[in-house]
1. Using all Cα-Cα distances in the range 78-121, what percent lands in each 10 angstrom bin from 0 up to the longest?
2. Among V92, V63, L4, which residue has its Cα furthest toward the positive end of the charge dipole of the chain, with +1 on Lys/Arg Cβ and -1 on Asp/Glu Cβ?
3. Cα to Cα, under 29 Å, and not fewer than 8 places away if on the same chain: which lysines meet these conditions relative to K43?
4. Considering Cα pairs under 8 angstrom that are at least six residues apart, work out the relative contact order of the range 66-121 and quote it in whole percent.
5. Can you pull the percent of the range 55-111's accessible area that's carbon plus sulfur, 1.4 Å probe, other chains left in place?
6. Sort the following peptides by mean Cβ neighbour count (other Cβ atoms within 10 Å, averaged over residues), highest first: 87-96, 105-114.
7. Using modelled backbone amide H atoms (1.01 Å from N, in-plane), which distant-in-sequence or interchain residues come within less than 5 Å of F67's amide H?
8. Whole number in Å², please: accessible area per residue of the chain, 1.4 Å probe, ligands, DNA and RNA not counted.
Amino acid sequence: QVQLVESGGGLVQAGGSLSLSCAASGTIFSINDMGWYRQAPGKQRELVATITSGGSTNYADSVKGRFTISRDNAKNTVYLQMNSLKPEDTAVYYCHVKSRRTWYPRDYVYWGQGTQVTVSS
């Protein structure tokens, strides 16, 4: 099993910045993709950003140029720097990790508990 511990988030005014982090621990042989998703009230969970083990990134169009995802492979941690925040960024943000327990090429997917980000206008 893998445990994900998220930190960061909170309340910020529009135009402000916040950062999130998510540390993975447990039975980890390797971590492939790491990422962040979010879910606003009454809406489906959506992708925010992902990053591969090699550092390739992918962003939702709505956050491109404002959010930056990064990872520290030595610490099994993924980060999300959020700048120029907008009220529509308000949501619960979830960490997402795809990892392997052994050399066998089977991926397991894990989710963090979620952290609230609220952007006031």
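The values are calculated or read from the model by the stated rules, or taken from the named source; none is laboratory data. All figures in this text were calculated on a predicted structure; none of them were measured in a lab. Counting neighbours? That spans all protein chains shown, and the Cβs are built from the backbone with ideal geometry, glycine included. Note: accessible area is taken over every heavy atom of the protein model, side chains too, but ligands, DNA and RNA are not part of it. Shrake-Rupley method; radii C 1.70, N 1.55, O 1.52, S 1.80 Å.
1. Histogramming the range 78-121 at 10 Å steps yields 23, 37, 23, 13, 4 percent.
2. Of the options given, the answer is L4.
3. Cross-link targets: K64, K86, K98.
4. Values: 77 pairs, mean separation 18.0, N = 56.
Worked out over the range 66-121, it gives 32 percent.
5. 46 percent
6. 87-96, 105-114
7. Counting only residues 5 or more places away or on other chains, the set is N83.
8. Accessible area per residue, the chain: 53 Å².
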